[in-house]
Amino acid sequence: MSRTAIISDIHANYHALSAVAADMYAMQCTDIVCLGDVVGYNAYPGECLDCVRNWNCPVVKGNHDEEVVSPSQARMNKVARQAMDWTRNQLDAERLKWLSSLQYQRIVRSDNGVSYTIVHSSLDHPKAWNYIINADDATSIFPRQFSNICFHGHTHVPKIFFWNGRHAVEDYDTISALYTDGYTEFQPQTGLKYFINAGSVGQPRDNDPRACYAIYDTDLNLIIIKRVEYDIGSAQDAILAQGLPEYLAERLASGV
């Protein structure tokens, strides 16, 4: 079996990451990849970073991962900036060096020879941290996608786009099952390219507070996206205990 857990946007939420880790082992995942933004917003940047490092899995750099090592004023609101400044002070030089070393995009090859791409934001300008929200946004991605499957994160909202030969199309039907059942799966069609958002482990923003991640079973040509319950109250308490903005704790309960 070659079954890979695709996790993204952990954002220092160790309670959510622990729950997803338990679930992906229960789902018999044999491998893990991380789509970036390991840190930021929540109370456990060091613990989450160490967990991902210990997995020794393919990881790409997210905008928060970059911001913590190369501070700028670009595209970050006041609350995110406050959390970022706090995060930077929690990480030692070795951890910062590891974050700095991450690539912006990677090709991953599974044990059975299937290759796919991982990136945090977009393939056309991965360092610009553009948000791929709708099919119009995704249309510019596919000319730069040289594998049939690419997984990304950044928006914290699970979505599936595919290329119909002229422009990107959003697969609403597959994702709608995720909102009703907390679980959805589909088999990519041969010859089509897919650009798939795996959702967020640590800070969902699609009105469902449960952690979200994807699974790619390359033996069965099957992609799963699913929700995972975790101890939101404890994650909120940890945010407040560290003196981080109250809004960061509040938004975890609503998934916005």
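The values are calculated or read from the model by the stated rules, or taken from the named source; none is laboratory data. Given the structure is predicted, the values throughout are model-derived calculations rather than measurements. For neighbour counting, all protein chains shown are included, and Cβ atoms are generated from backbone atoms with ideal geometry for every residue, glycine included.
Got a number for residues in segment 123-156 being farther than 18 Å from Val60 by Cβ and of a type in the set (Val, Ile, Thr)?
2
Would you call Tyr179 in contact with a helix residue (DSSP H, G or I) (Cβ under 9 Å, 6 or more places away or on another chain) and hydroxyl-bearing (Ser, Thr, Tyr)?
Working: in contact with a helix residue (DSSP H, G or I) (Cβ under 9 Å, 6 or more places away or on another chain): no; hydroxyl-bearing (Ser, Thr, Tyr): yes.
In short, no.
Restricting attention to segment 150-190, report how many residues are of a type in the set (Ser, Thr, Tyr), surrounded by 19 or more Cβ atoms within 10 Å (Cβ to Cβ) and closer than 19 Å to Met24 by Cα.
Start the filter on segment 150-190 by keeping residues that are of a type in the set (Ser, Thr, Tyr), which leaves 155, 172, 174, 176, 179-180, 183-184, 190.
Next, only the ones that are surrounded by 19 or more Cβ atoms within 10 Å (Cβ to Cβ) stay: 155, 184.
From what's left, closer than 19 Å to Met24 by Cα: 184.
Selection size over segment 150-190: 1.
Tell me, which residue of segment 220-256 that is under 17 Å from the mean Cα position of the chain (by Cα) and in a loop (DSSP other than H, G, I, E, B) is surrounded by the most Cβ atoms within 10 Å (Cβ to Cβ)?
Kept after step one, since they are under 17 Å from the mean Cα position of the chain (by Cα), are these residues of segment 220-256: 223-230, 252, 255-256.
Adding the requirement that they be in a loop (DSSP other than H, G, I, E, B) leaves 229-230, 255-256.
Values: Glu229: 12, Tyr230: 24, Gly255: 20, Val256: 14.
It comes out as Tyr230.
Please enumerate the residues belonging to segment 63-105 that are small (Gly, Ala, Ser), under 25 Å from Thr4 (Cα atoms) and out of contact with any Ser or Thr (no Cβ under 8 Å at 6 or more places or on another chain).
Residues of segment 63-105 that are small (Gly, Ala, Ser), as a first pass: 70, 72, 74, 80, 83, 93, 100-101.
Still in the running and under 25 Å from Thr4 (Cα atoms): 100-101.
Correct list: Ser101 only.
Please pick out the residue among Ala211, Ala198 that is crowded, with 24+ Cβ neighbours inside 10 Å, closer than 19 Å to His156 by Cβ and out of contact with any helix residue (DSSP H, G or I) (no Cβ under 9 Å at 6 or more places or on another chain).
On the way: Ala211 fails: out of contact with any helix residue (DSSP H, G or I) (no Cβ under 9 Å at 6 or more places or on another chain).
Going through Ala211, Ala198 in turn, the sole match is Ala198.
Starting from segment 173-188, keep only residues that are touching a residue at least 24 places away in the same chain (Cβ under 8 Å) and hydrophobic (A, V, I, L, M, F, W, C), then list their pairs with residues that are surrounded by 16 or more Cβ atoms within 10 Å (Cβ to Cβ) and part of a helix (DSSP H, G or I) whose Cβ atoms are within a distance under 8 Å, requiring at least 6 positions of separation or different chains.
Close Cβ pairs satisfying both conditions: Phe186/Thr174.
Of the conditions (1) of a type outside the set (Phe, Trp, Tyr); (2) closer than 29 Å to Glu47 by Cβ; (3) without any contact (Cβ under 8 Å) to a residue 40 or more places away in the chain, Asn134 clears all except one; give me its number.
(2)
Restricting to segment 54-104, name every residue that is among the charged types (D, E, K, R) and modelled with pLDDT under 90.
Start the filter on segment 54-104 by keeping residues that are among the charged types (D, E, K, R), which leaves 61, 65-67, 75, 78, 81, 85, 88, 92, 94-95, 97.
Scanning segment 54-104 gives Arg75, Lys78, Arg81.
Limited to segment 113-123, what total is found for residues that are more than 16 Å from the chain's Cα centre (by Cα) and crowded, with 16+ Cβ neighbours inside 10 Å?
1
Being of a type in the set (Gly, Ala, Ser) and more than 18 Å from Leu123 (Cβ to Cβ) is the filter here, so list the residues in segment 166-207 that pass it.
Initially, segment 166-207 is screened for residues of a type in the set (Gly, Ala, Ser), giving 168, 176-177, 182, 191, 198-200, 202.
Within segment 166-207, Ser176, Ala177, Gly182, Gly191, Gly199, Ser200, Gly202 meet the criteria.
For residues in segment 166-219 being part of a loop (DSSP other than H, G, I, E, B) and small (Gly, Ala, Ser), which is farthest from Ala135 (Cα to Cα)?
Applying the filter and picking the extreme gives Gly202.
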